[in-house]
Amino acid sequence: MIPLLSVDVAVIGAGPAGLAAATAARQAGAERVAVFERLGEPGGILPQCIHNGFGLHVFQEELTGPEYAERFVVQAREAGVEFWLNSMVLSLSAERRLSVMSPQGLVHVEAARVVLAMGCRERTGPNILLGGARPAGVFTAGTAQRLVNVEGYLPGREVVIVGSGDIGLIMARRLTLEGARVKAVVELLPYPGGLARNVRQCLEDFGIPLRLAHATLSVEGRRRVSGVVIAPLDETGRPVLSRAEQIPCDTVLLSVGLIPENELSRQAGLELDPRTGGAAVDERGETSIPGIFACGNVLQVHDLVDYVTAEASAVGRWAGSSQASGSRELALVPGGNARYVVPQRLSAGLVPPFTISTRVQRPAGASVVRLGGVVIARRAVVRPAEMIRVDVKPGDWTKVLAEVGSEGCLRLEVEEERP
Ligand SMILES: Cc1cc2nc3c(=O)[nH]c(=O)nc-3n(C[C@H](O)[C@H](O)[C@H](O)COP(=O)(O)OP(=O)(O)OC[C@H]3O[C@@H](n4cnc5c(N)ncnc54)[C@H](O)[C@@H]3O)c2cc1C
């Protein structure tokens, strides 16, 4: 007989999102809150992020990833959250039934509410149609981070990093400090994929070249990587083959984006937003299936872990209280330079403040953020690497509601201000 466990809130994933959501759910009054984590320790990806820079917003302190995670593990335990480690959630139904493979064997869980906090996985070579054979020496940046920071192995001596996402930038510095030579970071786009502060602190400070607007055509080598071939892009975005060059190296790291881990969400049949790769949610983080919520990187890829914590705490509070959602729903769609918007739905009767997140499609100078035509924020500069989070104020929301037409749809726009 398979044991059946009944909980008020089941949280899937014990990364920073799951930890904050579970703690908030308990503090909001939920009796039994259980977190299911497939790894042997809580913290998600943070235990392998040993550099500092975490917690500047939440604690006004510069913490390392393990330190940041530890604070939330302690908080969750003190709040009475139940931890199920080495416990992989195998399935999730729309009726909020989970099957979990745990050290006690297979367990079935029925939950009044579920919080999805499964995080992301990294894109790999096949995801970007990387050419060449499959020699040893190609790693995702996160795998290399784990090898160096947790297992104590150096993946190679002469390294090229493909893609300029934050994890790749951080690994460029890390490998340099460990004695490897990072010969280049190669980026397809004309601007970096990671935060400006990481470009400065991880590449410029160490003299590591950033080759923008360059395609990586192939990885060379049969048994072990011997080099990569790159070429600049012309103004139409095609590689100029006559200017292709080979960079000799023994290791290639891929830092080419993250994919929200939504296999369980698909299984449950909830609506996903193709722009974010995450669930479509309302302002409380509730998905299209009542009682199932989502937060953290599984909802949208975040730039800073502090924002993951803020978002997940708010979602956890809703999941832990038994309040029903608001009245009439308004659809929220991105416009102008906005690539996506979270949440995708708002209740007309909601009480501000609430938070809206977006990212832009391309870098721009001073820009305004408009909701339903009302300016709700300004930014001196906008970049695709940086999330824009705006707390909508009560006064602005009243103005927005006055502008809503009968179609019940609101546009979230980011527009560059013309001088
Ligand atoms: C490799 C990598 C390195 C990163 N480095 C940095 C960095 O240096 N600095 C920074 O600010 N941000 C970094 N990030 C971004 C970071 O992911 C987020 O800021 C934050 O960790 C996201 O929190 P999360 O809880 O949503 O996801 P995660 O931290 O990814 O946690 C998700 C958890 O869910 C668990 N899980 C998934 N599916 C299941 C399942 N079916 N059953 C049970 N458990 C499950 C996973 O094992 C994991 O522990 C990195 C991300 C990655 C992928």
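Below, the figures for the structure above:
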quantity: Calculated [θ] (222 nm, deg cm²/dmol) that DSSP helices of n ≥ 4 give over the chain, each run adding -39,500 (n - 2.57); calculated: -5500 deg cm²/dmol
quantity: Förster radius 45 Å - calculated FRET efficiency between Val375 and Ala136 (Cβ-Cβ, nearest 0.05); calculated: 0.25
quantity: 10 Å Cβ shell holding at most 14 others, DSSP loop, GluC sites (Glu not before Pro): longest site-free stretch of the chain; calculated: 272-406
quantity: Under 14 Å from the Glu62 label point (7 Å along Cα→beta-carbon), backbone N, segment 197-219; calculated: 197-198, 200-202
quantity: Efficiency of FRET from Cβ geometry, Ser321 and Arg200, R₀ 35 Å, rounded to 0.05; calculated: 0.25
quantity: Stretchable slack from Glu417 to Ser226, in nm (0.36 nm times residue separation minus alpha-carbon distance); calculated: 64.0 nm
quantity: For Leu90, residues with placed amide H under 5 Å, excluding near neighbours; calculated: Ser99, Val100, Met101
quantity: Approximate spin-label separation Ile128-Glu271, in nm, with each point projected 7 Å along Cα-to-Cβ; calculated: 3.3
quantity: Where Rh is the Kirkwood radius over Cα pairs, Rg/Rh for segment 327-419; calculated: 0.96
quantity: For segment 17-23, 3J(HN,Hα) per residue [Karplus equation, 6.51 cos²θ - 1.76 cosθ + 1.60, θ = phi - 60°, Hz, x = Gly/Pro]; calculated: 5, x, 5, 5, 5, 5, 4
quantity: DSSP loop trypsin sites (Lys or Arg not before Pro) with at most 11 other Cβ within 10 Å: longest gap in the chain; calculated: 1-221
quantity: Residues Ala366 and Leu241, FRET efficiency given R0 of 45 Å [Cβ-Cβ distance, rounded to 0.05]; calculated: 0.70
quantity: Angle in degrees between helix 305-320 and the longest Cα principal axis of the chain, rounded to the nearest 10; calculated: 20
quantity: Base-10 log of normalised Debye intensity for segment 82-179 (one unit scatterer per alpha-carbon) at q = 0.13 Å⁻¹; calculated: -0.70
quantity: nm² value of the averaged projected area, convex hull over the Cα atoms of segment 124-256; calculated: 7.5
quantity: Hydrodynamic radius (Kirkwood) for the chain, which is based on Cα pairs only, to one decimal in Å; calculated: 22.6
quantity: Alpha-carbon centroid distance for the pair segment 356-419 / segment 162-200, whole angstrom; calculated: 30
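None of the figures in this text is laboratory data; all of them are computed from the coordinates on show. Everything quoted here is computed from the prediction, not taken from an experiment. Here the Cβ is made from the backbone with ideal geometry for all residues, glycine too, and neighbour counts use every protein chain on show.
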